[in-house]
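> Next up is a structure, given as structure tokens.
The values are calculated or read from the model by the stated rules, or taken from the named source; none is laboratory data. Nothing here was measured: the structure is a model prediction, and the numbers come from that model. Ideal geometry is used to build each Cβ from the backbone, glycine not excepted, and the neighbour counts take in all protein chains shown.
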Amino acid sequence: MADEGYANLYHGGGGCDPHYLRHEDYFDPEKKQSKNMSGFGTKPTYDFIPKWDPGQYPQPDIEHEKPGPTSLECVKGGGTFALSRELSFSDPYKSHNKFRLAGDSAQPELWRWMLRNKEDIVAGYCLNLVIVPMCIEAECIYLRTASPVEGLTFDVIEFFTETVIAAGVDLGAPVTEAVDACRPWCTKFDIPAELKFSPDCNRVFGIKLTGVPPENEDECKPGCGLLEGLDLDFSVKAFCPWAGQ
């Protein structure tokens, strides 16, 4: 699946580092928050994630097999979560995320990661985004974007099994009308039955690039190409039977 390489862009297993409210808060140590994941009304966390730095790209590898079931900390929501990852490949000093108000973080470390690894971002490269541990049921995948990126196409995949869940997602075409109408483009993909519940192994969901805009090497033209302009929400709806009160 990863002949061209891969990068683990998850934070602690599928969430993302908290967004600071203002650019001047980036380097304020008192604004540092604990590692967390996105959820419905709570911040579920895994209990098996190896040591990681929320500002590090890429993140450490997750083993396919890990002994014992894993719980997600939860006190509400019936054990159902949205394990989400938000990608925003934009220059944080020139633009902001399309899903957030002006002044919000545009994930500067993610932008730096892309600039450092430009030579790796080619067709066949995988971006691992969300981890669903063993003994937790994955129901479906949601995608949302508000920014067309001409020439950027990918498959939605499960990394370990090399399963293609949705092929040929084109971020140049499907979002154009939605952007003009001032609403994001959203879609949903069902996860194959054999991947929904795994009693003995973890799952990693993400995207495999099949088409990438060329790098801009002309210093007289703005932008750097590649993943620039990609604002993508990637979310896995999952159920944890071991959580809740």
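> How about the range 202-229: which of its residues are closer than 17 Å to Gly124 by Cβ and in a loop (DSSP other than H, G, I, E, B)?
Val212, Pro213, Pro214, Leu226, Leu227, listed by residue number.
> Listed residues Phe160, Phe154, Phe189; which is in a loop (DSSP other than H, G, I, E, B) and among the hydrophobic types (A, V, I, L, M, F, W, C)? Can you show your working first?
Details: Phe154 fails: in a loop (DSSP other than H, G, I, E, B); Phe189 fails: in a loop (DSSP other than H, G, I, E, B).
Result: Phe160 is the single residue among Phe160, Phe154, Phe189 that is in a loop (DSSP other than H, G, I, E, B) and among the hydrophobic types (A, V, I, L, M, F, W, C).
> Does any residue of the range 164-181 turn out to be at pLDDT 95 or above, in contact with a Leu (Cβ under 8 Å, 6 or more places away or on another chain) and in a loop (DSSP other than H, G, I, E, B)?
no
> Considering the range 174-233 alone, what residues qualify as being free of Cβ contacts under 8 Å to residues at least 60 places away in the same chain, at positive phi and surrounded by 15 or more Cβ atoms within 10 Å (Cβ to Cβ)?
Across the range 174-233, the qualifying residue is only Gly225.
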